[in-house]
Each structure stands twice: as C-alpha cells, then as structure tokens.
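Notes for the one structure printed next.
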Amino acid sequence: MEAADGRYAAEAVVWSPAALLPGPGITWAAVDDDTAHVTIRHGDLSQAVDVRVDKEGKPVAASFQRWSNANPDKVHRLQPFGAVMSDFREVAGYRLPFHVEAGNMFGTDDYFPFFIANVTAIRFPKTGGTGP
C-alpha cells in the first residue's frame, strides 16, 4: 500500500497539481525559495513530496521517499524517487508538462529513470458543464 500511496502523490504533482490545493488532508510548507513540501494524508496513510518550481512557478521536479525493492539488494525499503518535468505547454487554460522522466534513486549517482513520457496530445473529456 505504501508504494501505491507514493505513486498517487507523485502523479498528482506531475499530472494534476490542482488536486493538491490546500484543503482536508493536504498541507504545504516552504522549504526554500524554489521548493515546497506537500503532505498528503488519507486515513492512516501519509506521503510527503518536495516540489521544486522554476522562476515562473512551474513544477519542474518532484521527489519523495518511496517504498520499493528496486535496489541492488532487492529489499523493500524507503528510497529516493523523483520526476523531472519539462516542455510545458498550455492546454485549455492549464500549463502541463509534455516531457516527464521519473525513476528510483532520484538525486543520487544511482538514479535511473525507468519512466520517460513524451506526451503528444492532451484532451479533456466533455463535461456538459462549464469545464474545459
């Protein structure tokens, strides 16, 4: 469950940061001039993610400790995981990354991105209301 919780938090930062607006279960704190720390709580689960933004406020990197056995020892443990987002484009009023790389051991010499996405199109479903 811990691995899925971490993945949910990271994917929210990358693909739908508006889902992490302050509210029940979501708290933010400044780390430094370009990094914020968001904690997501749901029941007994809690996941913290550091989000680095560029000078325009775009989230360009997310990092956290993820429960995984993707290490030389093949032992489940908390270890660095992260993503880098780039090639931001505006789609229906949202600025979204069209290039994302993510992987284990983020921020270390052993970092290896196993997820690399080059988005070719983003379409929002018709809501029938006032949405995108």
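A search for C-beta distances below 9 Å between a residue of the stretch 106-132 that is under 15 Å from Gly93 (Cβ atoms) and surrounded by 11 or more Cβ atoms within 10 Å (Cβ to Cβ) and any residue that is modelled with pLDDT of 90 or more and among the basic types (Lys, Arg), counting only pairs 6+ apart in sequence or on different chains, returns Ile122/Arg89. Of the residues Asp87, Asp50, the single one that is within 19 Å of Val31 (Cα to Cα), part of a strand (DSSP E or B) and of a type in the set (Asp, Glu) is Asp50. Would you be able to say whether some residue in the stretch 82-90 is surrounded by 13 or more Cβ atoms within 10 Å (Cβ to Cβ) and more than 12 Å from the chain's Cα centre (by Cα)? Looking through the stretch 82-90, at least one residue is surrounded by 13 or more Cβ atoms within 10 Å (Cβ to Cβ) and more than 12 Å from the chain's Cα centre (by Cα). Write out, first by first residue and then by second, each pair whose Cβ atoms fall under 7 Å of each other, whose residues are 6+ apart or on separate chains, and whose first residue, in the stretch 24-44, is under 16 Å from Gln65 (Cβ atoms) and without any contact (Cβ under 8 Å) to a residue 40 or more places away in the chain while the second is acidic (Asp, Glu) and surrounded by 13 or more Cβ atoms within 10 Å (Cβ to Cβ). That search, which allows pairs on different chains as well, returns Val31/Asp50; Thr35/Asp50; His37/Asp50.
Considering every residue within the stretch 10-30, establish whether at least one is surrounded by 15 or more Cβ atoms within 10 Å (Cβ to Cβ), of a type in the set (Val, Ile, Thr) and closer than 23 Å to Ser86 by Cα. Scanning the stretch 10-30, I find at least one residue that is surrounded by 15 or more Cβ atoms within 10 Å (Cβ to Cβ), of a type in the set (Val, Ile, Thr) and closer than 23 Å to Ser86 by Cα, so the answer is yes.
Checking every residue in the stretch 9-19 against the condition of being touching a helix residue (DSSP H, G or I) at 6+ places or on another chain (Cβ under 8 Å) and at pLDDT 90 or above gives zero matches. Within the stretch 97-128, the set of residues being charged (D, E, K, R) and assigned to a strand (DSSP E or B) comprises just one member, Glu101. You will find that of Ala19, Ala36, the residue that is within 13 Å of the chain's Cα centre (by Cα) and in a helix (DSSP H, G or I) is Ala19 and no other.
The values are calculated or read from the model by the stated rules, or taken from the named source; none is laboratory data. Because the structure is a prediction, the values reported are computed rather than measured. Positions of Cβ are backbone-derived with ideal geometry, glycine not excepted, and every protein chain shown enters the neighbour counts.
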